[in-house]
1. Which members of region 1-25 meet the condition of being part of a helix (DSSP H, G or I), among the polar types (S, T, N, Q) and loosely packed, with under 14 Cβ neighbours inside 10 Å?
2. Consider I58 carefully, then state whether it is in contact with a helix residue (DSSP H, G or I) (Cβ under 6 Å, 6 or more places away or on another chain) and within 20 Å of V69 (Cβ to Cβ).
3. Within region 26-76, track down each residue that is part of a loop (DSSP other than H, G, I, E, B) and crowded, with 16+ Cβ neighbours inside 10 Å.
4. Out of contact with any helix residue (DSSP H, G or I) (no Cβ under 6 Å at 6 or more places or on another chain), of a type outside the set (S, T, N, Q) and in contact (Cβ under 8 Å) with a residue 60 or more places away in the chain, is that true of A78?
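Values quoted throughout were computed directly from the atomic coordinates according to the rules given, and no laboratory measurement underlies them. Source: prediction; values computed, not measured. Cβ coordinates were reconstructed from backbone atoms using ideal geometry, including for glycine residues, and neighbour counts include every protein chain displayed.
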Amino acid sequence: MWSLGCLLYELATLTSPFHSPGINFYLLGKRIMSRKFEPIPEGYSEALRGCVDRMLQIDPNDRPSAAEVCEVAARNAALHTSI
């Protein structure tokens, strides 16, 4: 889930959540462990922003399950689908 959260973050922002110019592996690890990243911009839905934030939790027990992520995706896809 954490890796998928990183991927979704990158797709939304076109940057890695923990990247910073000139960062080394030690500082990268510190940024990851402190969850130091810019939030996804407000132009995106609260559902996406909240889901990605939950996916990037340090403790795996605090991350959503695959079923929860699919449910959020399906619920929001239904809001944006016209039949």
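1. S3, the sole residue that qualifies.
2. Numbers: in contact with a helix residue (DSSP H, G or I) (Cβ under 6 Å, 6 or more places away or on another chain): no; within 20 Å of V69 (Cβ to Cβ): yes.
No; evaluated as a whole, the condition is false for this residue.
3. F37, I40, L56, R63, P64
4. Numbers: out of contact with any helix residue (DSSP H, G or I) (no Cβ under 6 Å at 6 or more places or on another chain): yes; of a type outside the set (S, T, N, Q): yes; in contact (Cβ under 8 Å) with a residue 60 or more places away in the chain: no.
For A78, the condition - out of contact with any helix residue (DSSP H, G or I) (no Cβ under 6 Å at 6 or more places or on another chain), of a type outside the set (S, T, N, Q) and in contact (Cβ under 8 Å) with a residue 60 or more places away in the chain - is not met.
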